[in-house]
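Student: This structure is in structure tokens; I'll ask about it shortly.
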Amino acid sequence: MTNITPQRRDAYDTETSHEHVNDIDVIRDPTLVAEAKQATNTEQQMTLLKAVNLYPKAIFWSLLLSSTLIMEGYDLALLSSLYASPVFNKKFGTYNAASGKWAVSAAWQSGLSNGARAGEILGLIFAGWLSDRYGYKMTTIGSLILIMSFVFVLFFAPNVQVLVVGEVLCGIPWGAFQSVTPAYASEVAPVVLRPYLTTSINMCWVIGQFFAAAVNKASVGRPDEWAYRIPFGVQWVWPIPILAALVFAPESPWWHVRHGNREAARASLLRLTSQNDSTFNVDETIAMIEHTNQLEKRMKASFTYRDCFKGVDLRRTEIVVGIWLVQTLGGQNLMGYFAYFLTQAGMDASNSFSLSMGQYALGMVGTAGSWILMSHVGRRTIHFSGLCCQFIILIIVGSLSFSNENGSVWAIGAMLIAFTFVYDFTIGPVTYSLISELSSTRLKAKTIVLARAGYNASNIFVNVMTNYQLSSTAWNWGARTAYFWAGTCFLSLIWVFFRLPEPKGRTYAELDLLFENHVPARSFAKTRIDPFSQRIGGDVQRILVEEKSERRHE
């Protein structure tokens, strides 16, 4: 097998750096094209069992990095659940003479929730730059060290003001985890494994939320400060074993190729794959990565944050940001406030935490079920159908608020559990697959940073609204809050129908060309395309004309 030497790659870069993809040949090196095409064909024909046998190490390292999000899922669910804890409210809240109870005011609830979101935005911005410069591995290691330090602030917080500072500080490494994990998961495995590894991130979130409910359930009955200190202290459990193992993790081969280090990429790929498979050709796979990287370099001169808003990448950024905004506007925030939501509707704290555990356990079942679903159904179909179901459930929950029956609060709880299952079966996990696939590889980290920053910024609005909607010291809407989020869910449905494309089964090079040629979102699944054509512009245009002609005759 002929290797591509650095000199040949440099010559190629010099020769093509000022030319456009539609005007010249995609790749002038026929050996690179042939190897890349062979690797692409092999990858697209690879079965799930074959991929698992070939990439067991990639699966392990991806799941290890994804497990960092257990911490974020834990804390964010923990914080909203602690609002139902009498001891926590007495320590950090004020006495409400009207209700005769201690409660953290809606303003401070918003400050606590949004403090974490603000810190995450900072962490995302820093992580986007750090991961491009130093790699996903080193960025995650640094973030783990930070989170171990910042948990001290939460654990020893003497008042609500210091607690807000602790949430802001902890949000910084959480933001880094949000950026790094989907990018790494999407780059270390072939097409057939990509949806499973990216959606496992959602499983980590749900696991964290389940532990938060379980720890709260165990400690809510305590009459002392350990009712909330134990839940905060549990956050020291995760970082140490993850950090100890992560030291030995390989970097993404895509990251090495983007930095011009082919040998390091090759060594990394060998560490991610099984040495027992004699059919695997590491050089062909590296050629495919190089081919995609060169293709994207043709489409953009650099890869800065500004490039995310230029040309065809503006559409990709809009879609990825929109997908994550749908997560906040589809009513999912009610899941995080589940225990608090039910206590405000009239249920006691212990029962609300018990139902929370059932809710998150069913969420884990839903996420596992989504892996089977995605092997048969397209991402766009799953996402759109999930939103439709969520809209219906929210309407039902809002309607139940008008019932005076004693069992209505249990019915509301049952519907919210069903909502969690639908979310974790469809929108929750498939979002991570979509954002990883629809952003370009060279701008992946920065696109994810912008999208997740938009998600966190929208969560500031969502948290403020939800706290005021549910708080007995503010609007006190109770279950009628679901009507408001049903409206935003319906708007999200409209956007998804017209703007979300289908990436199922596509390589990154194919997706690059579909975006480059402005293929409509609803035509992605039907459009045939060849990323190895010697003249991409003409071939793609011919293919698109054929597709349009076929649709007119249907």
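Taken together, the values in this text are just the output of simple stated rules run on the coordinates, not laboratory data. Note that the coordinates shown come from a computational prediction; the quantities given were computed from them, not determined experimentally. In this analysis, Cβ positions are derived from the backbone assuming ideal geometry, glycine residues included, and neighbour counts consider all displayed protein chains.
Student: Given H placed on each backbone N at 1.01 Å, which residues far from Ser252 in sequence or on other chains put an amide H within less than 5 Å of it?
Tutor: Correct list: Tyr136, Lys137.
Student: So what is the relative contact order for the stretch 185-265, in percent, with contacts set as C-alpha pairs under 8 Å and at least six apart?
Tutor: 25
Student: Let me ask you something else. Please give me the summed charge of the neighbours of Asn276: other residues whose Cβ is under 15 Å from its Cβ, Lys and Arg +1, Asp and Glu -1.
Tutor: With Lys, Arg at +1 and Asp, Glu at -1, the neighbours total +2.
Student: Sticking with this structure for a sec: Can you bin every Cα-Cα distance in the stretch 90-157 into 10 Å intervals starting at zero and give me the percent of pairs per bin, rounded to whole numbers?
Tutor: 17, 34, 24, 15, 8, 2
Student: Count the net charge of all other residues whose Cβ sits under 14 Å from the Cβ of Ile230, scoring Lys and Arg as +1 and Asp and Glu as -1.
Tutor: +1
Student: Normalised radius of gyration for the stretch 243-283, please: alpha carbon Rg relative to 2.2 N^0.38 Å, two decimal places.
Tutor: 1.26
Student: Counting Lys and Arg as +1 and Asp and Glu as -1, each charge on the Cβ, what is the dipole of the stretch 427-520 about the Cα centre in debye, to the nearest 20?
Tutor: Its charge dipole is roughly 200 debye.
Student: Please work out the ratio of the alpha-carbon Rg of the stretch 72-228 to 2.2 N^0.38 Å and round it to two decimals.
Tutor: Working: Rg = 17.7 Å, N = 157, 2.2 N^0.38 = 15.0 Å.
Taking the Cα Rg and dividing by 2.2 N^0.38 Å, one obtains 1.18.
Student: Apply the Karplus curve 6.51 cos²θ - 1.76 cosθ + 1.60, θ = phi - 60°, to the phi angles in the stretch 498-503 and return the couplings in whole Hz, x for Gly and Pro.
Tutor: Each residue's phi maps through the Karplus curve to give 9, 10, 8, x, 9, x Hz.
Student: Also: Give the angle, between 0 and 90 degrees and rounded to the nearest 10, that separates the Cα long axis of helix 69-82 from the longest principal axis of the Cα atoms of the chain.
Tutor: Long axis of 69-82 versus the principal axis of the chain: about 20 degrees.
Student: For the stretch 38-141, compute the orientation-averaged projected area of the C-alpha convex hull (one quarter of its surface), in nm².
Tutor: It is 10.9 nm².
Student: What's the local net charge at Arg506, with K and R +1, D and E -1, over the other residues with C-beta under 14 Å away? Mind dumping the intermediate values first?
Tutor: On the way: positive: Arg194, Arg316, Arg379, Arg380, Lys504, Lys526, Arg528; negative: Glu43, Glu437, Glu502, Glu510, Asp512, Glu516, Asp530.
With Lys, Arg at +1 and Asp, Glu at -1, the net is 0.
Student: Something else: Projecting each Cα onto the charge dipole of the stretch 225-298 (Lys/Arg +1, Asp/Glu -1 at the beta carbon, about the Cα centre), which of Gly233, Gln294, Val282 comes out farthest on the positive side?
Tutor: My answer, from the dipole projection, is Gly233.
Student: Here's another thing I want to ask about it. So what is the 222 nm mean residue ellipticity for the chain from helices alone, if each DSSP H run of at least 4 adds -39500 (n - 2.57) and you divide by all residues, rounding to the nearest 500 deg cm²/dmol?
Tutor: Helix-only estimate at 222 nm: -24000 deg cm²/dmol.
Student: Given that compact globular proteins tend to follow 2.2 N^0.38 Å, what is the ratio of the alpha-carbon Rg of the stretch 352-441 to that value?
Tutor: On the way: Rg = 15.2 Å, N = 90, 2.2 N^0.38 = 12.2 Å.
In units of the globular-protein estimate, the stretch 352-441 measures up at 1.25.
Student: Sorted by packing (mean other beta-carbon atoms within 10 Å per residue), highest first, where do 80-88, 173-181 land?
Tutor: 173-181, 80-88
Student: Now for a separate question. Nearest 10 degrees, 0 to 90: what angle lies between the long axis of helix 282-299 and the longest principal axis of the chain (Cα atoms)?
Tutor: Taking the Cα atoms of the chain, the angle to 282-299 is about 80 degrees.
Student: Per q in 0.22, 0.28 Å⁻¹, report the Debye log10 I(q)/I(0) for the stretch 437-483, using one uniform scatterer on each alpha carbon and no solvent.
Tutor: Those come out to -0.73, -0.93, one per q.
Student: With charges only on Cβ, +1 for K and R and -1 for D and E, what is the dipole size of the chain about its Cα centre, in debye, rounded to 20?
Tutor: 620
Student: Would you grab the residues whose amide H sits under 5 Å from the one on Asn96? Only those 5+ places off in sequence or on another chain, please, with H modelled 1.01 Å from N.
Tutor: Counting only residues 5 or more places away or on other chains, the set is Lys101, Trp102, Ala103.
Student: Mind jotting down the three principal axis lengths of the stretch 396-513 based on Cα atoms? Whole angstrom, largest first.
Tutor: Per principal axis, max minus min of the Cα coordinates gives 58, 27, 21 Å.
Student: Another one. For the chain, what is one quarter of the convex hull surface built on the Cα atoms, given in nm²?
Tutor: Taking a quarter of the hull surface, the average projection is 25.1 nm².
Student: Using the Karplus curve 6.51 cos²θ - 1.76 cosθ + 1.60 with θ = phi - 60°, what ³J(HN,Hα) values do you get for each residue of the stretch 225-231, in whole Hz, with x for Gly and Pro?
Tutor: 5, 6, 4, 10, 6, 4, x
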